[in-house]
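Trainee: Structure below; questions to follow.
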Amino acid sequence: MQTVKNVYRIEYLLLVVILSLFYVEIKGDWYFFFGVFFVFDVGAIGYLFSKKIGDIFYDFGHTLIIPLLLLILCQLNSTVVSKWILSFSIIWLIHIFLDRLLGWGLMPR
């Protein structure tokens, strides 16, 4: 079982590295990167109301569905705004994969 966890961690590490290199390739703004990186943890505020609401809010910021849909949207529409959406999506994915690399998945754990 430990071997499987290690394989997942290696995969997540590679995804973080590849997405980071892609962010460099698209000349993403690093101030934007660090300004947005922790926004996805704001959902933890939901735990002030209840565990269930906290889990829902936290999972919203840590599921792959929305950033992947945003990446598809960027492919369909090539504008200046799409570069920021692309950057936002990459940062979001890096955040998710870094959390999973550290062993933090979706709630409940």
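We did not get these values from a lab; they are worked out from the coordinates using the rules stated. Please read all numbers here as calculations on a predicted model, not as lab measurements. Here the Cβ positions follow ideal geometry from the backbone for every residue, glycine too, while neighbour counts run over all protein chains shown.
Trainee: Once phi is turned into θ = phi - 60°, what whole-Hz ³J(HN,Hα) does the Karplus curve with 6.51, -1.76 and 1.60 give for every residue of the range 52-61, x standing for Gly and Pro?
Mentor: 4, 5, x, 4, 5, 5, 4, 5, 4, x
Trainee: Ignoring solvent entirely, what values of log10 I(q)/I(0) come out of the Debye formula for the chain at 0.24 Å⁻¹ when each Cα is a single scatterer?
Mentor: Those come out to -1.30, one per q.
Trainee: Calculate one ³J(HN,Hα) per residue across the range 73-79 by plugging θ = phi - 60° into the Karplus curve 6.51 cos²θ - 1.76 cosθ + 1.60, and present them in order as whole Hz with x for glycine and proline.
Mentor: The phi angles translate into 4, 5, 6, 7, 9, 9, 9 Hz.
Trainee: Can you list the lysines whose alpha carbon is less than 26 Å from that of Lys5, not counting same-chain residues fewer than 8 positions off?
Mentor: In chain and number order, there are no partners.
Trainee: A further question follows. Assign unit charges at the C-beta atoms only (+1 for Lys and Arg, -1 for Asp and Glu), then state the dipole size of the chain relative to its Cα centre in Debye, rounded to the nearest 20.
Mentor: Details: 8 positive and 7 negative charges, 39 e Å.
With Lys and Arg at +1 and Asp and Glu at -1, about 180 debye.
Trainee: Please compute the modelled spin-label separation between Phe49 and Glu25, points set 7 Å along Cα→Cβ, answer in nm with one decimal.
Mentor: Inter-label distance under the simple model: 4.0 nm.
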